[in-house]
Amino acid sequence: MGENDKEVKVPVVMRHDDSRLQVIGSLDAETLYQPMGEREEREPRSLLSTAGRGYYVLGLIAPNHEPSAHVLADIQAAADKIGALPNKIILLFADAQAASRFTPLTGLPLNVCFGTDVNGRTAAQLQESLKLTSPLQKPVIVIADSFGRVVYVSEGYVIGTADRLLQLLPSLK
């Protein structure tokens, strides 16, 4: 090497797009929940059997509870736009007792369905995978896919949940 030939170390910086959703946790799409609705006698179903392939929204909500009621009102207000999305929105209560205290709303989009979290498995998985607070600050809203990848989470009182879902869901392929 000549006197001008020096070894120079240059750090390599990988570009990172913060505007794109990334996998932040996992949720077994085969986890069972108990559907609510017209036929209460239904057998438990998997999240996957309701949501189908692709992305879906899962919410853990509490009955007649202000932050949960706010999310439901938000979805109700955007019912036309949210109802036009191909994604299912599965909203789960902690158990049958909690579900029995829920006052049903009219005007929710048809892609919204309700149920109960069988033995708290869904909540436990999300709490562990996403390192959420204990006890969970409801509502907990996640976007996940049929392969078990969670790409979005909000916990507790958040303004504009419906707008955020309308922004994110169409961008996911």
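Key figures
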| read-out | value |
| --- | --- |
| For the range 125-131, 3J(HN,Hα) per residue [Karplus equation, 6.51 cos²θ - 1.76 cosθ + 1.60, θ = phi - 60°, Hz, x = Gly/Pro] | 4, 5, 4, 6, 5, 9, 6 |
| Rounded, prolate or oblate (a/c below 1.5 giving rounded, otherwise prolate when a/b exceeds b/c) for the range 46-138 by Cα gyration tensor | oblate |
| Using θ = phi - 60° and Karplus 6.51 cos²θ - 1.76 cosθ + 1.60, couplings along the range 44-59 (whole Hz; Gly, Pro as x) | x, 10, 7, 4, 4, 5, 8, 7, x, 6, x, 8, 9, 10, 10, x |
| For the chain, share of DSSP beta bridges that run antiparallel, in % to the nearest 5 | 65 |
| Cα lying deepest toward the dipole's positive end in the chain, options ASN4, PRO44, GLY54, charges on Cβ | GLY54 |
| Unit charges on C-beta of K, R, D, E only; dipole of the range 29-171, Debye | 220 |
| Gaussian network model of the chain, springs between alpha carbon atoms under 10 Å - residue of LEU85, LEU126, LEU47 with greatest fluctuation | LEU85 |
| Hz values of 3J(HN,Hα) by residue in the range 103-117 - Karplus curve (6.51, -1.76, 1.60), Gly and Pro given as x | 8, x, 9, 9, x, 6, x, 5, 7, 9, 9, 10, x, 10, 7 |
| Whole-angstrom gap from the range 148-172 to the range 34-99, using each part's C-alpha centre | 14 |
| Whether the range 18-173 is rounded, prolate or oblate, judged on the alpha carbon gyration tensor where a/c under 1.5 counts as rounded | rounded |
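None of the figures in this text is laboratory data; all of them are computed from the coordinates on show. From a predicted model like this one, the values you see are computed outputs, not experimental measurements. With ideal geometry, Cβ positions are generated from the backbone for all residues, glycine too; neighbour counts draw on all protein chains shown.
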